[in-house]
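The values are calculated or read from the model by the stated rules, or taken from the named source; none is laboratory data. What you are looking at is a predicted structure, and each value in this text was computed from that prediction instead of being measured. Methodologically, a virtual Cβ is constructed for each residue, glycine included, from the backbone with ideal geometry; neighbour enumeration extends over all protein chains shown.
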Ligand code: ADP
């Protein structure tokens with residue numbers, strides 16, 4: 001058993017750190033941007049616009065204020081000016097708030113006559129002389145920085161940080177994909193490959209646990225399988241003895257009954273051993289010229305000649321494959337058709353691909369109880385029987401069709417089932433053109 005790894009870098013710790021770093025980075029970056037934009041001094045605070053200069057502006061505009069001089073000054077110094085005097089309101093920039101609006105910022109009307117108000121970081125110099133107010137704003141050294149640019153800057157920062165966060169999360173949760181693939185492989189029955197996650201966190205630990213679980217499931221299956229095989233194998237000798245002993249029983253009725261039971265058991269043992277051999281690939285597949293018509297005739301003679309209708313449409317239907325295995329596969333299908341159709345006739349057909357390709361088709365059709373649509377994919381699984389109560393009276397262990405599937409896979413042949421409950425079932429096998437020699441029909 002693989003030792004569990006010690007968690008050194010917890011995933012939750014990593015996540016918490018990542019989220020904290022993200023929050024700090026967002027705040028710091030936005031803070032830096034905002035301070036760059038609205039920071040003191042950048043719009044030219046009082047330190048850049050000393051009192052003497054301000055006084056010069058006020059004196060130049062004069063009292064009562066002269067708007068033409070104000071215009072000239074604003075042109076020269078790039079100032080934004082607003083004048084409010086008795087009956088006179090003048091401005092060269094509508095964004096400067098009125099005295100009325102500035103009121104709430106500071107009750108400057110009763111205060112000093114020269115002071116500064118800051119609106120969104122932008123300094124406004126206000127001078128009061130009698131009933132006249134002159135409000136002006138120094139030139140903006142960064143005219144490009146307006147509210148839209150701030151929003152754009154913040155969006156860019158958040159986008160960059162979000163992309164970084166996304167890639168960091170992908171790095172942390174990268175192994176989840178590998179884990180999902182690994183679990184899917186296990187569910188498909190692949191017990192060979194391990195999930196490789198070389199991490200010292202919870203995901204690494206999970207990968208180790210899944211690998212361990214897979215190994216123990218695989219061992220369990222193997223031991224059950226070998227038990228089944230051993231028991232089946234061992235049963236053969238006592239069965240032979242029973243068969244022998246049966247011959248000495250005087251009562252013919254009992255003798256027949258025992259013979260039937262022994263035959264049934266032998267069939268089951270053969271099916272189990274056969275399917276095991278196929279699984280392990282112990283048996284090689286021979287590629288011999290096989291006439292499907294002859295094979296089907298043998299199958300019918302072994303199964304139920306009276307109930308199967310077979311009128312060959314082709315003179316020969318030759319494929320390249322393993323005669324004995326193909327016979328086993330076709331026998332299982334034909335035998336099922338007879339078993340599950342309550343004495344009604346079964347039809348077997350062999351025909352060429354209607355689309356003109358070289359494939360050869362074998363159809364086994366019955367008018368029996370049929371199979372529910374939801375069961376159609378499951379019937380090829382080992383030991384699967386559609387309805388335990390329905391099939392109880394009919395002999396079988398659910399191994400026949402799984403064996404059929406294995407044999408057909410080996411021959412690159414496909415099988416299709418069409419069925420309707422109560423109306424019957426049709427199995428259609430398509431043998432590929434491995435060695436197609438089909439002579440014209442009779
Ligand atoms: P079994 O030994 O039980 O016949 P199979 O693997 O051959 O096992 O078939 C699996 C199940 O599929 C059967 O138990 C039966 O319920 C169903 N089945 C197979 N062939 C037919 C058929 N021709 N008509 C109805 N049901 C069928």
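Based on this model, can you work out whether residue 311 counts as more than 16 Å from the ligand (Cβ to nearest atom) and more than 24 Å from residue 339 (Cβ to Cβ)? Break it down into steps so the answer makes sense when it comes.
Working: more than 16 Å from the ligand (Cβ to nearest atom): yes; more than 24 Å from residue 339 (Cβ to Cβ): no.
Criteria not met by residue 311.
Has the stretch 371-382 got any residue that is in a loop (DSSP other than H, G, I, E, B), free of Cβ contacts under 8 Å to residues at least 40 places away in the same chain and within 12 Å of the ligand (Cβ to nearest atom)? Break it down stepwise before answering.
Within the stretch 371-382, the subset in a loop (DSSP other than H, G, I, E, B) is 371-372, 376-377, 381-382.
Filter again for free of Cβ contacts under 8 Å to residues at least 40 places away in the same chain, leaving 377, 381.
Filter once more, keeping what is within 12 Å of the ligand (Cβ to nearest atom): 377, 381.
Yes, because at least one residue in the stretch 371-382 is in a loop (DSSP other than H, G, I, E, B), free of Cβ contacts under 8 Å to residues at least 40 places away in the same chain and within 12 Å of the ligand (Cβ to nearest atom).
Looking at (1) assigned to a helix (DSSP H, G or I); (2) more than 15 Å from residue 297 (Cβ to Cβ), which one does residue 355 not meet, given that it meets all the others?
For residue 355, the failing item is (1).
How many residues are surrounded by 11 or more Cβ atoms within 10 Å (Cβ to Cβ) and either touching a residue at least 12 places away in the same chain (Cβ under 8 Å) or under 13 Å from the mean Cα position of the chain (by Cα) (or both) if we restrict to the stretch 182-195? Walk me through how you get there before you give the answer.
We begin by selecting, within the stretch 182-195, every residue surrounded by 11 or more Cβ atoms within 10 Å (Cβ to Cβ); these are 182-183, 185-186, 190-191, 193-195.
Cutting the leftovers down to either touching a residue at least 12 places away in the same chain (Cβ under 8 Å) or under 13 Å from the mean Cα position of the chain (by Cα) (or both) gives us 182-183, 186, 191, 194-195.
The qualifying residues number 6.
Condition first: touching a helix residue (DSSP H, G or I) at 6+ places or on another chain (Cβ under 7 Å) and away from the ligand (no atom under 12 Å from the Cβ). Can you find one or more residues in the stretch 332-347 that meet it?
Residues of the stretch 332-347 touching a helix residue (DSSP H, G or I) at 6+ places or on another chain (Cβ under 7 Å): 332-334, 336, 346.
Now drop any that are not away from the ligand (no atom under 12 Å from the Cβ), which leaves none.
Checked the stretch 332-347: no residue is touching a helix residue (DSSP H, G or I) at 6+ places or on another chain (Cβ under 7 Å) and away from the ligand (no atom under 12 Å from the Cβ).
If you go through the stretch 310-352, how many residues are assigned to a strand (DSSP E or B), within 43 Å of the chain's Cα centre (by Cα) and closer than 23 Å to residue 422 by Cα?
Step one: of the stretch 310-352, the residues assigned to a strand (DSSP E or B) are 310, 318-321, 346-352.
Keeping just the survivors that are within 43 Å of the chain's Cα centre (by Cα) gives 319-321, 348-352.
Cutting the leftovers down to closer than 23 Å to residue 422 by Cα gives us 348-349.
The qualifying residues number 2.
Would you confirm whether any residue within the stretch 241-264 is within 14 Å of the ligand (Cβ to nearest atom) and surrounded by fewer than 16 Cβ atoms within 10 Å (Cβ to Cβ)? Walk me through it before giving the result.
Keep residues of the stretch 241-264 that are within 14 Å of the ligand (Cβ to nearest atom), which gives 264.
This time we only want the ones that are surrounded by fewer than 16 Cβ atoms within 10 Å (Cβ to Cβ), so: 264.
Checked the stretch 241-264: at least one residue is within 14 Å of the ligand (Cβ to nearest atom) and surrounded by fewer than 16 Cβ atoms within 10 Å (Cβ to Cβ).
Which one is surrounded by the fewest Cβ atoms within 10 Å (Cβ to Cβ) among residues in the stretch 318-331 that are away from the ligand (no atom under 16 Å from the Cβ) and free of Cβ contacts under 8 Å to residues at least 40 places away in the same chain?
324
Condition check ((1) modelled with pLDDT of 90 or more; (2) surrounded by 19 or more Cβ atoms within 10 Å (Cβ to Cβ)) across all residues:
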{"site": "292", "(1), (2)": "yes, yes"}
{"site": "296", "(1), (2)": "yes, yes"}
{"site": "300", "(1), (2)": "yes, yes"}
{"site": "337", "(1), (2)": "yes, yes"}
{"site": "349", "(1), (2)": "yes, no"}
{"site": "357", "(1), (2)": "no, no"}
